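Structure first, commentary second.
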Amino acid sequence: GETVRYESENAVDFDGVVATNHSGYSGSGFVDLLNDSNSYIEWVVNQADSGNATLTFRYANGTTANRPMTVSVNGQVAHSSVDFEGTGGWSSWDIQTVTVNLAAGSNVIRADATVSSGGPNFDYIEVSGGDGSSSSSS
Ligand code: GCU
């Protein structure tokens, strides 16, 4: 199905800054979350129809320590610990995917840090599926 990209620098809310100091990002920058266990980022995504959808997070983690985050949809925890492992450098971007159930219309996707180092740097999320026929998982 259709895949829609939402750049992090256009995300509705985050606890961090838009940055450009590491190359390889799409759009006009990426979001550097604070190194804090309360850091978070929220995107609003629109779906024509309800159903399962794949969220693809493009991120960089230049450390060797995982920075797991909780992923919530519309205020409900969908995945309590999604891994954002080291990518080999802050300019080396990788993807992580999760499957979530989205409602028709707008949906709030939120990732909350679970460790004191906070989250990784986020380039974008992409949403694919959502027409009820998608069953992809990671
Ligand atoms: C470095 C890096 C940042 C990153 C930060 C972190 O400062 O330049 O882009 O966000 O480490 O540990 O999160």
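Every number here is computed from the coordinates shown, using simple stated rules; none is lab data. These figures come from a predicted structure and were not determined experimentally. For neighbour counting, all protein chains shown are included, and Cβ atoms are generated from backbone atoms with ideal geometry for every residue, glycine included.
How big is the convex hull of the Cα atoms of the chain, per residue, in Å³? Display every interim value, and only then the final one.
Numbers: hull volume 12.6 nm³, N = 138.
Spelled out: Cα convex hull of the chain, divided by residues, is 91 Å³.
Taking θ as phi - 60°, what are the ³J(HN,Hα) couplings along segment 51-58 by the Karplus curve (6.51, -1.76, 1.60), each to the nearest whole Hz, with x for Gly and Pro?
The phi angles translate into x, 5, 9, 9, 9, 10, 9, 9 Hz.
What is the sum of charges around Val73, taking Lys and Arg as +1, Asp and Glu as -1, for the other residues whose C-beta is under 13 Å from the C-beta of Val73? If you can, show how the numbers build up before the last one.
Values: positive: Arg110; negative: Glu42, Asp112.
So the surrounding residues net to -1.
Which whole-Hz couplings ³J(HN,Hα) result when phi for each residue of segment 114-129 is put into the Karplus expression 6.51 cos²θ - 1.76 cosθ + 1.60, θ = phi - 60°, listed in order with x for Gly and Pro?
Residue by residue, segment 114-129 yields 10, 10, 5, 6, x, x, x, 7, 10, 8, 6, 10, 10, 10, 10, x Hz.
Amide H to amide H, which residues 5 or more places from Thr114 or on other chains are under 5 Å from it, using H placed in the peptide plane?
Answer set, sorted by chain and number: Thr70.
Provide the net charge surrounding Phe84, with neighbours chosen by a C-beta distance below 10 Å and charges set as Lys +1, Arg +1, Asp -1, Glu -1.
-2
Considering only the other residues whose Cβ falls under 9 Å of the Cβ of Asp13, what net charge follows from Lys and Arg at +1 and Asp and Glu at -1?
The answer is -1.
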